[in-house]
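Asks: Here it is, the structure in full.
The values are calculated or read from the model by the stated rules, or taken from the named source; none is laboratory data. Keep in mind it's a predicted model, so treat the numbers as computed, not measured. Glycine also receives a Cβ, built like all others from the backbone with ideal geometry; neighbour counts cover every protein chain displayed. Ligands, DNA and RNA are stripped out before the accessible areas are found, and what is left, the full protein with its side chains, is counted by its heavy atoms. Shrake-Rupley method; radii C 1.70, N 1.55, O 1.52, S 1.80 Å.
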Amino acid sequence: RAEAAEKSAAEKNSFFSTISHDMRTPLNAVIGFAGLARQESGSAIKDEYLSKIQISGELLNSLINDTLTIAKANSGKLELKPEPVDTNRLTRDIAESVRAAAEQKGVCFTTDDAGLRRRTVLADKLNISKIFLNLLSNAVKFTPAGGHVSYSVCDDPGGAADAAMVFKVSDDGIGMSAE
């Protein structure tokens, strides 16, 4: 019993660590862009910052509303929620949520979706966003100032399905374990 309780506590700690990490990136973007918007007198630039705040805030709200995802997955009760998703908008929204953290740390963050044909696919937007926010925020976190993080998305030329895409995250950081 004690071993099972310890395992349960460790799983809960891991869950909350993951969720807080996933929420930190869009929250930092909201805070950063809000500060920039407050300092900006021109309406076009202020509107751009406010748009980025809205995108990051919507993502953060989705993450908060779905904090039980990991627990559901562990219990076998995870239900995917496919919805129509614009592939280009999804990749750009994810990138914008990470860009402020990269700029604040002094990491050059580049994106490339030139090889991605615009289309709408059925996908679980929240879970896809979580995966790439985790990868990208870790890339920024573990890349030293002055380093580079790149995020590219393109159609998979060898993909059997029309919706096959290749996502690539690379950085100058310490790398990740095979696990």
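Asks: When Rg and Dmax of the Cα atoms in Å is calculated directly from the model, which label among (i) 16.5, 50; (ii) 25.3, 85; (iii) 17.8, 63 fits?
Replies: Matching the structure shown: (iii).
Asks: Would you be so kind as to identify all helices of the chain, as entire DSSP H runs, whose Cα atoms reach 30 Å or more along the helix's own axis and whose mean Kyte-Doolittle hydropathy is at least -0.5? Present the calculation step by step, with values, prior to reporting the outcome.
Replies: Numbers: long enough: 2-39 (55 Å, -0.16); 43-65 (32 Å, 0.06).
Span-like helices, by this rule, are 2-39, 43-65.
Asks: Springs between alpha-carbon atoms under 10 Å, Gaussian network over the chain: tell me which of 24, 92, 38 tops the mean-square fluctuations.
Replies: Comparing 24, 92, 38 in a Gaussian network model of the chain, the most mobile one is 38.
Asks: Of the beta bridges DSSP finds with both residues in the chain, what % are antiparallel, to the nearest 5? Mind dumping the intermediate values first?
Replies: Values: 11 of 16 bridges.
Taking every DSSP beta bridge within the chain, about 70 percent pair in antiparallel fashion.
Asks: Would you work out what percent of the accessible area of the chain, with all protein chains in place, is carbon or sulfur (probe 1.4 Å)?
Replies: Numbers: 5910 of 10890 Å².
For the chain, the apolar C and S fraction of the accessible surface comes to 54 percent.
Asks: Can you give me the accessible area per residue for the chain, using a 1.4 Å probe, in Å²? If you can, show how the numbers build up before the last one.
Replies: Numbers: 10890 Å² over 179 residues.
The answer is 61 Å² per residue.
Asks: Related question: In nm, to one decimal, how far is the residue 3 label point from the residue 154 one, both placed 7 Å along Cα→Cβ?
Replies: 5.0 nm
Asks: Dipole of the chain (Lys/Arg Cβ +1, Asp/Glu Cβ -1, origin at the Cα centre): which of 116, 90, 4 lies farthest to the positive side?
Replies: Final value for the positive-end residue is 4.
Asks: Can you pull out the trypsin sites (Lys or Arg not before Pro) in the stretch 100-179 whose DSSP state is coil and whose Cβ has at most 14 other Cβ atoms within 10 Å? Could the numbers behind the result be given before it?
Replies: Details: sites: 105, 117, 118, 119, 125, 130, 141, 168; in loops: 117, 118, 119.
In loop regions of the stretch 100-179 (DSSP not H, G, I, E or B), the sparsely surrounded trypsin sites (Lys or Arg not before Pro) are 117, 118, 119.
Asks: When all protein chains stay in place, what accessible area (Å², nearest 10, 1.4 Å probe) is found for residue 53?
Replies: Result for residue 53: roughly 30 Å² accessible.
Asks: Between 73, 29, 102, which gets the highest mean-square fluctuation from a Gaussian network model of the chain, Cα cutoff 10 Å?
Replies: So, out of 73, 29, 102, the one fluctuating most is 73.
Asks: Find how many whole Å separate the alpha carbon centroid of the stretch 88-133 from the alpha carbon centroid of the stretch 35-55.
Replies: That distance is 19 Å.
Asks: Looking at the chain as a GNM with Cα springs under 10 Å, which of 132, 109, 15 has the largest mean-square fluctuation?
Replies: Of 132, 109, 15, the most mobile in the Gaussian network model is 15.
Asks: Using +1 on the beta carbon of Lys and Arg, -1 on that of Asp and Glu, and nothing else charged, what's the dipole of the chain about the Cα centre, debye to 20?
Replies: 340 debye
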